[in-house]
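Visitor: Next up is a structure, given as structure tokens.
The values are calculated or read from the model by the stated rules, or taken from the named source; none is laboratory data. Note that the structure is a prediction, hence the values are computed from the model and not measured. Cβ sites come from the backbone with ideal geometry, for glycine too, and all protein chains shown count toward neighbours.
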Amino acid sequence: MSSELMEALKQLAREKNIDEIDMLDRLEHTLAQTYRKTLDLENEARVEIDRETGRIRVFELVPVGGTEEEPVFEERDITPSDISRFAALAAKQVITQAIRDAEREHIFQEYADRIGESITGTVQQSDSRYTLIKIREGVEALLPPTEQPPNERYDHNMRLKALIIDVRRSSGNEPSIVVSRTHPNLLKRLFELEVPEIYDGIVEIKSVAREPGMRSKVAVSSREPGLDPVGACVGPKGSRVRMVVAELKGERIDVIPWSDDPATFVANALSPAKVSSVLIDEDTHTATVIVPDDQLSLAIGKEGQNARLAAKLTGWRIDIKSMTQAMESGLPVSPAGHGPAEPTDGRCAHTTEDGIRCRNQALPGSRFCRIHAGEDDG
């Protein structure tokens, strides 16, 4: 090879972000294998490429002593006269492979840093084993059956969003990008795209509970006083949450206000059911929820779904009882079935019409705090 060809190889390596030393090492190795086969050598061959001039020399490694573990070789120069022809073919092969490897590594590094982000792609192929999604030209992702909601079907060229959950190298050293349509964080990313207040950090998604394809609950809070976080997520006439629902193929989404008070948070999480009171047991991490008799089935939900999602969202074990069941069980509720339950956690028993417990501590010997102490008479 001429010095001009060597310079061209180095320039190509820089443009394609290929390790120049590694590429020339590969070229020497490939040429050594080629010449051993072409010249029908009994022994191994070694090729040396001058990094400046491009001159190529071929040596046969002839054993002349030593041990089996540490043999001693004599290098015999067997450089053929037509070496440039073989070198050009080998260089083309090595460069092509090096470029392909560099592109694979670039894709791997790019998407390994994006785990947890959402991507938009086009369905290329879908069967019982996996769904193949084209992210961009030359980059595809796998959507395994385990990461697909049961209600979704994927047609060719369908556009959809998914969450990157893993990037790994396959057996052929191809980067394998694995995405999900069931992960709870996909819901977070979709809301970030639709709600500017979430993207800007003014509204925060505190927790998410999903039963993919069926129903989800999202708890949100605001960092800006006076801003309604639920209203921001729902949008004018429900426009923002409707876009998320459409992307998730009709999955029902409840957006509820987060609270650092467990009783209030649990009551909110059981929406749309109306809650009369919530009794918190810190020792067993259980919330006993008392609801009006006509709200029991709504609070539990179809096949227990509403209660199950509320428990996932809040992290509390939730035990739901109707007012009648609570009275029969001897729980502290007012005989008429109205008003707050007797507190068992030392907090004020006052509950608003929305079912929200007062956060103040009850006065000694009273069910209420100083603010609501007058309710003892009622």
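Visitor: Residues that are at pLDDT below 90 and either acidic (Asp, Glu) or surrounded by fewer than 15 Cβ atoms within 10 Å (Cβ to Cβ) (or both): does region 189-202 have at least one?
Guide: Going residue by residue through region 189-202, those that are at pLDDT below 90 are none.
Scanning region 189-202 turns up no residue that is at pLDDT below 90 and either acidic (Asp, Glu) or surrounded by fewer than 15 Cβ atoms within 10 Å (Cβ to Cβ) (or both).
Visitor: Out of the residues in region 313-355 that are loosely packed, with under 13 Cβ neighbours inside 10 Å, of a type in the set (Asp, Glu) and not in a helix (DSSP H, G or I), state the one that is modelled with the lowest pLDDT.
Guide: Selected residue: Asp354.
Visitor: In region 1-41, which residues are part of a loop (DSSP other than H, G, I, E, B), modelled with pLDDT under 85 and either more than 46 Å from the chain's Cα centre (by Cα) or of a type in the set (Asp, Glu) (or both)? Working first, answer last.
Guide: Residues of region 1-41 part of a loop (DSSP other than H, G, I, E, B): 1-2, 16-19, 39-41.
Those left that are additionally modelled with pLDDT under 85: 1-2, 16-19, 39.
Residues satisfying the conditions are Met1, Ser2, Asp19, Leu39.
Visitor: Please find, among Ala90, Ala98, the residue that is surrounded by 16 or more Cβ atoms within 10 Å (Cβ to Cβ), touching a Lys or Arg at 6+ places or on another chain (Cβ under 9 Å) and in contact (Cβ under 8 Å) with a residue 40 or more places away in the chain. Before you say what the answer is, go through the steps one by one.
Guide: Details: Ala90 fails: touching a Lys or Arg at 6+ places or on another chain (Cβ under 9 Å).
Unique residue meeting the criteria: Ala98.
Visitor: Take region 290-310 and flag every residue that is touching a residue at least 60 places away in the same chain (Cβ under 8 Å) and either surrounded by fewer than 14 Cβ atoms within 10 Å (Cβ to Cβ) or of a type in the set (A, V, I, L, M) (or both).
Guide: Leu309, Ala310
Visitor: Right, Ile253: touching a strand residue (DSSP E or B) at 6+ places or on another chain (Cβ under 7 Å), of a type outside the set (Gly, Ala, Ser) and surrounded by 20 or more Cβ atoms within 10 Å (Cβ to Cβ) or not?
Guide: yes
Visitor: Can you find a residue that is surrounded by fewer than 19 Cβ atoms within 10 Å (Cβ to Cβ) and in a helix (DSSP H, G or I) anywhere in region 276-289?
Guide: No: zero hits.
Visitor: While we're on this one: Could you check region 169-184 and list, in sequence order, the residues that are within 14 Å of the chain's Cα centre (by Cα) and not in a strand (DSSP E or B)? Give the derivation first.
Guide: Pass one, region 169-184, residues within 14 Å of the chain's Cα centre (by Cα): 177-184.
Scanning region 169-184 gives Arg181, Thr182, His183, Pro184.
Visitor: If the requirement is being more than 30 Å from Glu105 (Cβ to Cβ) and in contact (Cβ under 8 Å) with a residue 40 or more places away in the chain, which of these qualifies: Glu211, Glu197? Working first, answer last.
Guide: Numbers: Glu197 fails: in contact (Cβ under 8 Å) with a residue 40 or more places away in the chain.
Just a single option satisfies the conditions, and that option is Glu211.
Visitor: Let me ask you something else. Whether any residue in region 226-234 is touching a Gly at 6+ places or on another chain (Cβ under 9 Å) and closer than 16 Å to Leu187 by Cβ is what I want to check.
Guide: Taking region 226-234 as the starting set, the residues that turn out to be touching a Gly at 6+ places or on another chain (Cβ under 9 Å) are none.
The answer is no, given that none of the residues of region 226-234 is touching a Gly at 6+ places or on another chain (Cβ under 9 Å) and closer than 16 Å to Leu187 by Cβ.
Visitor: Of all residues in region 141-168, count the ones that are under 15 Å from Ser126 (Cβ atoms), in a strand (DSSP E or B) and out of contact with any Phe, Trp or Tyr (no Cβ under 6 Å at 6 or more places or on another chain). Let's see the steps before the verdict.
Guide: Within region 141-168, the first condition is being under 15 Å from Ser126 (Cβ atoms), and the residues that meet it are 141-160, 162.
Narrowing further to those that are in a strand (DSSP E or B): 141-143, 159-160, 162.
Okay, now just the ones that are also out of contact with any Phe, Trp or Tyr (no Cβ under 6 Å at 6 or more places or on another chain), so 141, 143, 159-160, 162.
Qualifying residue count for the region: 5.
Visitor: Something else now. Applying the selection to region 162-180, what residues are touching an Asp or Glu at 6+ places or on another chain (Cβ under 6 Å) and either over 27 Å from Asp254 (Cα atoms) or not small (Gly, Ala, Ser) (or both)? So that I can check it myself, show each step before the final result.
Guide: Within region 162-180, the subset touching an Asp or Glu at 6+ places or on another chain (Cβ under 6 Å) is 164, 178, 180.
Across region 162-180, the qualifying residues are Ile164, Val178.
This table checks each residue for (1) over 16 Å from Leu186 (Cβ atoms); (2) among the hydroxyl-bearing types (Ser, Thr, Tyr).
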residue: Ile115; (1), (2): no, no
residue: Thr122; (1), (2): yes, yes
residue: Pro144; (1), (2): no, no
residue: Glu152; (1), (2): no, no
residue: His156; (1), (2): yes, no
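Visitor: From the list Glu74, Glu44, Glu68, exactly one residue is without any contact (Cβ under 8 Å) to a residue 40 or more places away in the chain, surrounded by fewer than 18 Cβ atoms within 10 Å (Cβ to Cβ) and out of contact with any strand residue (DSSP E or B) (no Cβ under 9 Å at 6 or more places or on another chain). Which is it? Please lay out each step first, then the result.
Guide: Numbers: Glu74 fails: out of contact with any strand residue (DSSP E or B) (no Cβ under 9 Å at 6 or more places or on another chain); Glu44 fails: out of contact with any strand residue (DSSP E or B) (no Cβ under 9 Å at 6 or more places or on another chain).
None of the others qualify; the one that does is Glu68.
Visitor: In region 204-263, which residues are over 29 Å from Gln148 (Cα atoms) and of a type in the set (Lys, Arg)?
Guide: Passing the criteria: Arg223, Lys237.
Visitor: Check off (1) outside any helix (DSSP H, G or I); (2) touching a Phe, Trp or Tyr at 6+ places or on another chain (Cβ under 9 Å); (3) among the hydrophobic types (A, V, I, L, M, F, W, C) for Val72 and give me the number that stays unchecked.
Guide: (2)
Visitor: So if I check each of Ser239, Ser259, which one is within 25 Å of Phe191 (Cβ to Cβ) and in a helix (DSSP H, G or I)? Can you show your working first?
Guide: Details: Ser259 fails: in a helix (DSSP H, G or I).
Among Ser239, Ser259, only Ser239 is within 25 Å of Phe191 (Cβ to Cβ) and in a helix (DSSP H, G or I).
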